[in-house]
Number of protein chains: 2
Amino acid sequence: MNATVPSPELAQRAVNALKFLAIDGVEAAKSGHPGLPMGAADFSFVLWSRYLRHDPKDPSWPDRDRFVLSAGHGSMLLYSLLHLAGYDLPVEELKRFRQWASRTPGHPESHLTPGVECTTGPLGQGLATAVGMALAAKMADARFPGLFKHRVWALVSDGDMMEGIAHEAASAAGHLQLGNLTFLYDDNKITLDGNLDESMSEDVGARFEAYGFRVLRIDGHDHRAIADALDAAAAETARPMLICCRTHIGHGAPNKHDTHKVHGEPLGPEEALATRRALGWPEAPLFHVPEDVRALWDARAEALAREHAAWREHEARWLAEHPDKAALYRAMRERAVPEDLTGLLAGARPPTNDATRSLAGAVLQRAAQLVPALVGGDADLGGSTKTPLKDSPKVLPGRFEGRNVRFGIREHAMGAMANGMALYGMFIPFTATFLTFSDYMRGAVRLAALSELQVVHVFTHDSIFLGEDGPTHQSVEHVAALRLIPNVEVWRPADGLECAVAWGEALRRRHGPTELIFSRQKVAELPAGPAAEDVARGAYVVLREEGGPPDVVLLGSGSEVGLCLGAARALHAAGRRARVVSMPCMERFAAQDAAYREAVLGRGTRRVSIEAGRTDPWHRWLGDGGLAIGMDTFGASAPASVLAEKFGFTVPQVVARVQALLG
Amino acid sequence: MNATVPSPELAQRAVNALKFLAIDGVEAAKSGHPGLPMGAADFSFVLWSRYLRHDPKDPSWPDRDRFVLSAGHGSMLLYSLLHLAGYDLPVEELKRFRQWASRTPGHPESHLTPGVECTTGPLGQGLATAVGMALAAKMADARFPGLFKHRVWALVSDGDMMEGIAHEAASAAGHLQLGNLTFLYDDNKITLDGNLDESMSEDVGARFEAYGFRVLRIDGHDHRAIADALDAAAAETARPMLICCRTHIGHGAPNKHDTHKVHGEPLGPEEALATRRALGWPEAPLFHVPEDVRALWDARAEALAREHAAWREHEARWLAEHPDKAALYRAMRERAVPEDLTGLLAGARPPTNDATRSLAGAVLQRAAQLVPALVGGDADLGGSTKTPLKDSPKVLPGRFEGRNVRFGIREHAMGAMANGMALYGMFIPFTATFLTFSDYMRGAVRLAALSELQVVHVFTHDSIFLGEDGPTHQSVEHVAALRLIPNVEVWRPADGLECAVAWGEALRRRHGPTELIFSRQKVAELPAGPAAEDVARGAYVVLREEGGPPDVVLLGSGSEVGLCLGAARALHAAGRRARVVSMPCMERFAAQDAAYREAVLGRGTRRVSIEAGRTDPWHRWLGDGGLAIGMDTFGASAPASVLAEKFGFTVPQVVARVQALLG
């Protein structure tokens, strides 16, 4: 988009305004990172004032460019840009940087602040999330060709460049030929602890060329060079681009620039004052924005609003010209899910018994028919996770019409890219790999939870019962570890109905990720009868005791519910009244009212939990005198039936322990 | 080392022997991965029969080369090599591949099988661990110049190449100029799900050149080309090397080679038979090794044993010539730790109160003086984690005499490299970063635990009370999540004494990792008095109730023990008898006898736990009617004192909840 080029003097004042908003914000908070905002102010100003296509008055414009500050510690730069650009982020919020209930937290949070596209801070995440956004944009474009023309921009730092997730994501971006993606690398040679060359000396540009990027190298303070590079980026379609912007951290701070002292702490009153004097900035007031700078941004905002309005007309025309696409467009914009989805999926579940990964795989096929926004993929284990969507092609380099993303063996990037696809706004993404490798993507799962993103993570091969692959692949702690992340729901279904409910609830859960945990091995058949609504409450009675109050309540999840049933029947034969409760989703059950919980668990009853994993989450449900049967050691390589025997997961072993408990 | 070059015919038979041992092992187990062993047999044979410097009769030889099979799914290749080379791995073990209590588990486990240098399977870990081994070898060489000449070799796969941890570690290896490290890349273009070019198309060689590697590209089935490349690798000193070996997966299987069908499942009887016929291999017996092949390996083993014996003489001479180094050498070989280390550290702790990261930092300085094997580093947060060792230089490119490793912002590789340094055998490595970024290195922590490695992971900034950086950096679930990993001890000390005990116990714990969790903020002063031995039991009474049995026992860890004390004093003023228990290490306390546990916790007493994190681990200690005070949501960006108020961690708020509980 054409934009007026300001005079060099005005541009300099505008850059200084950015720098001093950041300096003043950090000084006021007495904590924060002024160095990056100062060093990156030049190229950020050029990008935002002349290239970035967005509408500060309507951050939901579908055809807006996405800007991601991957180096989230430089948050005051982003807040200053948002403020000046005209977002609903008044200067009072800048003054409350890093304070309780402000919209300017220490690191950007997308669910808090208008215009923040992505929660960043943990390094590498923003870069990888931007790749997911760019992929989503390509997939949207393939579905609605000619409708969109937005791009994705990300400001990335040395720290991002070192993180493995960034390597993974950049490799994927190059592979997929995401020509709509531009990284602006703030190449300042300084890390929090000192000079970059103490810990990194690779040729970043050459590395990205090896991934398939187009790479430009510029002086990150030279506005003409910046504009030339951004012109090239804006015209690029075939390859993602890396612009290496050589900058000086703390640019403008006369004594501290180019040192790590300016990285992670305030300049301090003296250096802040010295910087004001060096750059000819008034000593008062703080948070000063010159009139002509304000006018420059206001004019830009007006131009952008006109652009948005023009696009709305274009959108209406496009939809009129493509009536066959209108329903799909609406469904994807709304990420529409049928009201009775869970019921529909429950009806579609396969009647046979099987591994829950297979049962869930069948449910997923039906879900994909019912939810056009649903797309996803796996980390090269699709044959095992059973998640590839039938009747849809793979997403391949330059070919984005399919729904099956081949993330490659890049679990962490897969997680972040799914976050980016969710943030983009037209997709409900899912990922899939073995449960043990959830460790590799935990950083991304956490950000999905914090950012309140609808992402579904499928994890199969969920316990020692994957068997021969051995303890490197056998999850022991992972179900419990996922349950610990706030705002996550973890489902570990026991049969086809529970698989259907789990997928259904995941697709209905709008503001947080859902972890779906499935078995490699076949599960036992559960008694018919429970309603999907009961399953959706997180726990319910599978087998009710007869002839009096229960002597014991057996609680289980997933493949161990069958074991509970076997044990309950054996206990019954031995004259004990045993109830079996399936608890596929602890978080859901904890959210039920006390009456329901007591109706399921009984009152003052001995309880025994059985789950082939760490027992920590179960103690809260057991009460005094309870027994948690689980795995407190690593597993071993052997066939599943042998492992069941060796680790105490057979019916006779469970019965013996319950009998000993009951006395 | 010179070794006889076998005739092409003998070499072919030897390669076939490797292939069929792997084929037969996988067929017998009815599961496993035959494709990699078949494709990599050629270059593995050349490496092992002519270059690898080791002593199968004594796997502990300090000057042995290290070989890491990063692509651990090809374990039958490694087991076959170990068997033929003469390790204590008889053919019966090959026949029991993937069976209970065999030494041939599905993926290699270093603590189980002689000659397995590294537990591998989760992709990328082996590559990164090998970098740690190579770094350790360089650091050993810098301390004892002229004593060693071993190298590190790793077989890496497409899957390894895609994992972020491998990118991080390769970047670090190139940066550090680890000229003793060679990766043999089994470049077979096939992944478990299909053709590699569906998910990866980068120029791997160019990528590694950008990292600073020397890169060779060869036909991985051409023995002469392989030998030439290995000659070059063996002579290299300045740069790590990548040898791209273009191979064909399942090489020799007439119908399935070069397809993903041969990747992750047995050939099946038909294809196994067809392969026998195609390669002229007897149909019976299975696990056949021709006499001349056996003789080749036996001769090699004898030559290697002589080499080892010669090195032992060299070692004795070297030590005689360097009497000043002898004590250090012995201490590092034994990874010696003073018997009374914990007491010594407790005596050396600083008297002032401070953040536990600072208290522990002072303890660490003393520990480094007492334990010469202790080395470590951080992920560019040393100024915050307080872990850089004084009086020792940084480890920098080509300069390895120091003890302070600059891992860079590469947490996952840091974890795996520390594992490699521990496996190497002369170091006790530690790592350091913020606790929230433990998510980024969980895969490596898990392998340390599974492999029974002595590694110390320091994690600081351990709760919402890091304050302004906000929820992206505030740990809520991480302490609990680390406690879930089997064979891990997690310490969260409350004061200087507990910091000293935690470091002391970590350095005395030989067969598993220890997680040390420290606060950013200052902690309250605890009453003087407890003995280090009591602290070492994992929990102890900090403040005992007076005048009768306790109305309530307050349990806490880390910075919340001070809160427990404040609450107890306020309860006392209100006429309640409250006991305070500090529980710095739950795993330790769980291992105490029931009498000690009861003496600490009381019997039938109301208990309240306070820890600024998820409460799951505490329920087992609370019993009926207990109360767990913690964090079940993400934190927020604000000063710590504000967060304490907002999230209920002030004395009046805790007292109110306890009073309500007691009624």
Residue match in segment A:295-303 (condition: over 30 Å from the mean Cα position of the chain (by Cα) and modelled with pLDDT under 95): no
Residue check for A:Leu230: outside any loop (DSSP other than H, G, I, E, B) and in contact (Cβ under 8 Å) with a residue 24 or more places away in the chain: yes
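Conditions tested, residue by residue: (1) surrounded by 24 or more Cβ atoms within 10 Å (Cβ to Cβ); (2) under 30 Å from B:Pro266 (Cα atoms); (3) touching a Pro at 6+ places or on another chain (Cβ under 9 Å).
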{"site": "A:Val455", "(1), (2), (3)": "yes, no, yes"}
{"site": "A:Phe459", "(1), (2), (3)": "yes, yes, no"}
{"site": "A:Gly467", "(1), (2), (3)": "yes, yes, yes"}
{"site": "A:Val476", "(1), (2), (3)": "yes, yes, yes"}
{"site": "A:Val488", "(1), (2), (3)": "no, no, yes"}
{"site": "A:Ala502", "(1), (2), (3)": "yes, no, yes"}
{"site": "A:Arg508", "(1), (2), (3)": "no, no, no"}
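One line per residue, one yes/no per condition, for (1) within 17 Å of B:Ala41 (Cβ to Cβ); (2) touching a Gly at 6+ places or on another chain (Cβ under 6 Å):
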{"position": "B:Asn188", "(1), (2)": "yes, yes"}
{"position": "B:Met200", "(1), (2)": "no, yes"}
{"position": "B:Leu230", "(1), (2)": "yes, no"}
{"position": "B:Cys245", "(1), (2)": "yes, yes"}
{"position": "B:Thr259", "(1), (2)": "no, no"}
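Let's see how each residue does on (1) free of Cβ contacts under 8 Å to residues at least 60 places away in the same chain; (2) surrounded by fewer than 24 Cβ atoms within 10 Å (Cβ to Cβ); (3) not aliphatic (A, V, I, L, M):
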site	(1), (2), (3)
B:Tyr51	no, yes, yes
B:Gly72	yes, no, yes
B:Leu82	yes, no, no
B:Lys95	no, yes, yes
B:Pro108	yes, no, yes
B:Thr113	yes, yes, yes
Failed item, numbered, when A:Glu209 is tested on (1) within 8 Å of chain B (Cβ to nearest Cβ); (2) crowded, with 23+ Cβ neighbours inside 10 Å: (2)
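With respect to A:Lys95, determine if the residue is of a type in the set (Lys, Arg) and within 28 Å of B:Ser641 (Cβ to Cβ). Full working, then the answer.
On the way: of a type in the set (Lys, Arg): yes; within 28 Å of B:Ser641 (Cβ to Cβ): yes.
Judged against the criteria, A:Lys95 is a match.
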Evaluation of A:Pro145 against (1) surrounded by fewer than 24 Cβ atoms within 10 Å (Cβ to Cβ); (2) in a helix (DSSP H, G or I) (one fails), failing number: (2)
Matching residues in segment A:643-652 - criterion: being surrounded by fewer than 17 Cβ atoms within 10 Å (Cβ to Cβ) and either part of a helix (DSSP H, G or I) or not assigned by TED's automatic domain parsing to the domain that holds A:Arg614 (or both): A:Glu645, A:Lys646, A:Pro652
Failed condition for A:Glu302, given (1) assigned to a loop (DSSP other than H, G, I, E, B); (2) more than 29 Å from A:Leu374 (Cα to Cα); (3) not basic (Lys, Arg): (1)
Filter result (touching a residue at least 40 places away in the same chain (Cβ under 8 Å) and either more than 14 Å from chain B (Cβ to nearest Cβ) or within 21 Å of A:Ala346 (Cβ to Cβ) (or both)) within segment A:377-392: A:Lys386, A:Thr387
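Could you check segment A:24-127 for helices (runs of 4 or more DSSP H) lying wholly inside it with 2 or more residues that are under 30 Å from A:Leu147 (Cα atoms), more than 12 Å from chain B (Cβ to nearest Cβ) and of a type in the set (A, V, I, L, M)?
Working: elements: A:35-46, A:75-85, A:91-95.
Output list reads A:75-85.
Only one residue in A:Thr129, A:Thr191, A:Thr182, A:Thr113 is at pLDDT below 95 and not assigned by TED's automatic domain parsing to the domain that holds A:Leu423. Which one?
Values: A:Thr129 fails: at pLDDT below 95; A:Thr182 fails: at pLDDT below 95; A:Thr113 fails: at pLDDT below 95.
Within the list A:Thr129, A:Thr191, A:Thr182, A:Thr113, the selection yields A:Thr191.
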Failed item, numbered, when A:Lys325 is tested on (1) in a helix (DSSP H, G or I); (2) at pLDDT below 95: (2)
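Return yes or no: is A:Ala656 in contact with a strand residue (DSSP E or B) (Cβ under 9 Å, 6 or more places away or on another chain) and either acidic (Asp, Glu) or in a helix (DSSP H, G or I) (or both)? Spell out how you get there, then give the answer.
Values: in contact with a strand residue (DSSP E or B) (Cβ under 9 Å, 6 or more places away or on another chain): no; either acidic (Asp, Glu) or in a helix (DSSP H, G or I) (or both): yes.
No.
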For B:Ile190: the one exception among (1) touching a strand residue (DSSP E or B) at 6+ places or on another chain (Cβ under 8 Å); (2) under 19 Å from A:Phe407 (Cα atoms); (3) more than 8 Å from every other protein chain (Cβ to nearest Cβ): (1)
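Right, B:Leu453: within 15 Å of the chain's Cα centre (by Cα), within 14 Å of chain A (Cβ to nearest Cβ) and not in a helix (DSSP H, G or I) or not? Quick ask: steps written out before the conclusion?
Details: within 15 Å of the chain's Cα centre (by Cα): yes; within 14 Å of chain A (Cβ to nearest Cβ): yes; not in a helix (DSSP H, G or I): yes.
In short, yes.
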Segment A:156-187, subset crowded, with 24+ Cβ neighbours inside 10 Å and assigned to a loop (DSSP other than H, G, I, E, B), residue nearest to the other protein chains (Cβ to nearest Cβ): A:Glu163
Looking only at segment B:103-148, and only at residues there that are out of contact with any Lys or Arg (no Cβ under 7 Å at 6 or more places or on another chain) and among the charged types (D, E, K, R), the one that is nearest to A:Ala379 (Cα to Cα): B:Glu109
Some residue of segment B:234-244 being buried (at least 21 other Cβ atoms within 10 Å of the Cβ) and assigned to a loop (DSSP other than H, G, I, E, B): yes
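Tell me, yes or no, whether segment A:582-604 has at least one residue that is assigned to a loop (DSSP other than H, G, I, E, B), acidic (Asp, Glu) and in contact with an Asp or Glu (Cβ under 8 Å, 6 or more places away or on another chain). Can you show your working first?
Applying the first criterion (assigned to a loop (DSSP other than H, G, I, E, B)) to segment A:582-604 yields A:583-585, A:591-593, A:602-604.
Of the ones still in play, those that are also acidic (Asp, Glu) are A:593.
From what is left, the residues that are in contact with an Asp or Glu (Cβ under 8 Å, 6 or more places away or on another chain) are none.
Checking segment A:582-604: not a single residue is assigned to a loop (DSSP other than H, G, I, E, B), acidic (Asp, Glu) and in contact with an Asp or Glu (Cβ under 8 Å, 6 or more places away or on another chain).
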Within segment B:253-263, tally of residues that are buried (at least 21 other Cβ atoms within 10 Å of the Cβ) and either out of contact with any strand residue (DSSP E or B) (no Cβ under 9 Å at 6 or more places or on another chain) or β-branched (Val, Ile, Thr) (or both): 4
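Those residues that are of a type in the set (Val, Ile, Thr) and assigned to a helix (DSSP H, G or I), I need them from segment A:621-642; list them, please. Walk me through how you get there before you give the answer.
Kept after step one, since they are of a type in the set (Val, Ile, Thr), are these residues of segment A:621-642: A:629, A:633, A:642.
Hit for segment A:621-642 is A:Val642, nothing else.
Using the structure shown, decide if A:Asp380 is more than 25 Å from the chain's Cα centre (by Cα), in a loop (DSSP other than H, G, I, E, B), within 30 Å of A:Pro240 (Cβ to Cβ) and assigned by TED's automatic domain parsing to the domain that holds A:Ala500.
Numbers: more than 25 Å from the chain's Cα centre (by Cα): no; in a loop (DSSP other than H, G, I, E, B): yes; within 30 Å of A:Pro240 (Cβ to Cβ): yes; assigned by TED's automatic domain parsing to the domain that holds A:Ala500: yes.
When the stated conditions are applied, A:Asp380 does not pass them.
For (1) more than 14 Å from chain A (Cβ to nearest Cβ); (2) in contact with a Pro (Cβ under 7 Å, 6 or more places away or on another chain); (3) among the acidic types (Asp, Glu), each residue gets a yes or a no:
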position	(1), (2), (3)
B:Glu587	no, no, yes
B:Ala594	yes, no, no
B:Ile610	yes, no, no
B:Asp616	no, yes, yes
B:Ala628	no, no, no
B:Ala638	no, no, no
B:Ser641	no, no, no
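Residue by residue, here is whether (1) of a type in the set (Val, Ile, Thr); (2) farther than 27 Å from B:Ser31 by Cβ; (3) in contact with a Phe, Trp or Tyr (Cβ under 8 Å, 6 or more places away or on another chain) holds:
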| position | (1), (2), (3) |
| --- | --- |
| A:Glu525 | no, no, no |
| A:Leu543 | no, yes, no |
| A:Leu555 | no, yes, yes |
| A:Cys564 | no, yes, no |
| A:Ala573 | no, yes, no |
Condition met for A:Val395 (assigned to a strand (DSSP E or B), surrounded by 21 or more Cβ atoms within 10 Å (Cβ to Cβ), within 14 Å of another protein chain (Cβ to nearest Cβ) and modelled with pLDDT of 95 or more): yes
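The values are calculated or read from the model by the stated rules, or taken from the named source; none is laboratory data. What you are looking at is a predicted structure, and each value in this text was computed from that prediction instead of being measured. Because the Cβ atoms are built from the backbone with ideal geometry, glycine has one as well, and the counts that use them run over all protein chains shown.
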